[in-house]
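Trainee: First, the structure itself, so that you have it in front of you.
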Amino acid sequence: MAGPGPAPPRLALAVAALAALVAVKYYQDAEAARRQELALKSLGNEGLFLFSSLDTNNDLYLSPEEFKPIAEKLTGVAPISEFEEEEMPDPSRETLSILAKFQPLVMETMTKSKDGFLGISHVALSGLRNWTAPAAPMSVLLARQFKAFLPPKNKLDLGDPWWIIPSELNIFTGYLSNNRFYPPPPKGKEVIIHKLLSMFHPRPFVKTRFAPQGAVACIQAISSFYYTIAFRIHAEFQLNEPPDFPFWFSPGQFTGHIILSKDASHVREFKLFVPNNRSLNVDMEWLYGASESRNMEVDIGYLPQAGGEDEELNLGSEPINNSGSEFGNYMRFVYCFVVISALRTGNMELESTGPSIPTVIHDENGNIIDSRDPSAEPIQFVFEEITWQQEIPWEEAAQKLEVAMYPFKKISYLPFTEAFERAKAEKKLVHSILLWGALDDQSC
């Protein structure tokens, strides 16, 4: 009796499998191209551009989750997220009142995008011009919501940074799309950051399109019951909505500190702000057409400081006399010879009005008193003084956070003349680097 025939060679099976995969991929690509062409015929360039800004997974279908921003815009009703349902106000917990301060960008510091220059229209800047006040001047939050700022158990040393919101960008992911209007729903520790930044503008993106992305923190001081946590956040805002094209507003950074109890039941102090110790501290990018690659414009500017005396700061050894010419404005942008006003306090700022307080308290007779009742007699709360057992200066904590965001700063970069003095003292060579602008934040 004849035995079974010879088994197909492994090579033949591998070739067949590879051919099948190629055929499937070819079919999928052809089907995607066909749907893209049909969508383009149905919607046109700008309609497809708007559709794509909502289609986050690029499958040419809008799921209920993807359509939600439009539904909220049309109905004016935003559903409560799962996280917010878990954090509904509890009368036994403390609340923290936070005030928002905001002063608009100084339009004159936009180095090349004044109306009529380089084809920039008034419409392109409408979202920026109309943003003149914080979206929520005051907000009351639960103290427990700030537990996101607490350190993990393995990061209890002073100045040892950890990620509140880790970056998701790398050399393989590239950067995120410019063609978006509405932020994705925040998750986990992103929620409190989103709530805070929403006081400035209703459309904050807690994860920036470009690296360095995320939020980082470290312990600045420790007592028996409290931490002072220094933090740094990289986030941006989308100022436009359809039918306008996207306009991205990206401050160089948000930084600040929070003093909170180790169980996050009490917040003694909170402050967040955009630093303005540099000549330029905000980057702006916007589309003026349906192509991300061809219709993108970029500018940089300065968020002013509120209050205090003006002090003229002249940056650059030979400021260019532009005499109002377009060429002069362009050169002013390229070389960043900018004359600004340096004032004393921040303009884009969130600050607590005082320590967090209980929503309700019980008097000596067991009666419940609502501390928020405006008709009742004001309640005077007395808080113990905090004695810090360990602490480091703010400058040191901020430098630790900066290095976490920008690892290249682990190396000391010195002015040209100082570098040679250090090299001579340490008997090392000098590595000279010439840059067009800075590698960190949004400044020249």
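Nothing in this text is a laboratory measurement; each read-out follows from the coordinates by a stated rule. If you're wondering where the values come from, they're calculated on a predicted model, not measured in any experiment. Note: ideal-geometry Cβ built from the backbone for every residue, glycine included; neighbour counts use all protein chains shown.
Trainee: Sort 10-17, 132-139 for me by packing, meaning the mean count of neighbouring Cβ atoms within 10 Å per residue, highest on top.
Mentor: Answer by packing, highest mean first, reads 132-139, 10-17.
Trainee: Within segment 243-273, which residues have the backbone N less than 18 Å from the label spot 7 Å out from Leu62 along Cα→beta-carbon, could you tell me?
Mentor: 243-246
Trainee: Right, something else. Report the Stokes-Einstein translational diffusion coefficient (µm² s⁻¹, integer) for segment 378-422, Rh taken as the Kirkwood radius over Cα pairs, at 37 °C with viscosity 0.692 mPa s.
Mentor: It comes out at roughly 225 µm²/s.
Trainee: Sorted by mean Cβ packing within 10 Å, highest first, what order do the peptides 420-427, 180-187 take?
Mentor: 180-187, 420-427
Trainee: Just add up the charged neighbours of Ser223: K/R +1, D/E -1, any other residue whose Cβ is under 12 Å from the Cβ of Ser223.
Mentor: -1
Trainee: Less than 14 Å Cβ to Cβ from Lys428, Lys/Arg counted +1 and Asp/Glu -1: what total charge do the surrounding residues give?
Mentor: Around Lys428, the charge tally is 0.
Trainee: Let me ask something else about it. Could you compute the FRET efficiency for Trp436 and Ile379, with r as their C-beta to C-beta distance and R0 at 60 Å, rounded to 0.05?
Mentor: 0.55
Trainee: What whole-number distance in Å separates the alpha-carbon centres of segment 388-444 and segment 230-295?
Mentor: 24
Trainee: Let me ask another. Under the Kirkwood approximation for Rh and a Cα-based Rg, what ratio Rg/Rh is obtained for segment 143-285?
Mentor: 0.99
Trainee: For a paramagnetic label modelled at 7 Å from the Cα of Lys155 toward its Cβ, which residues of segment 256-276 fall within the zone defined by backbone nitrogen distances under 17 Å?
Mentor: 256-264
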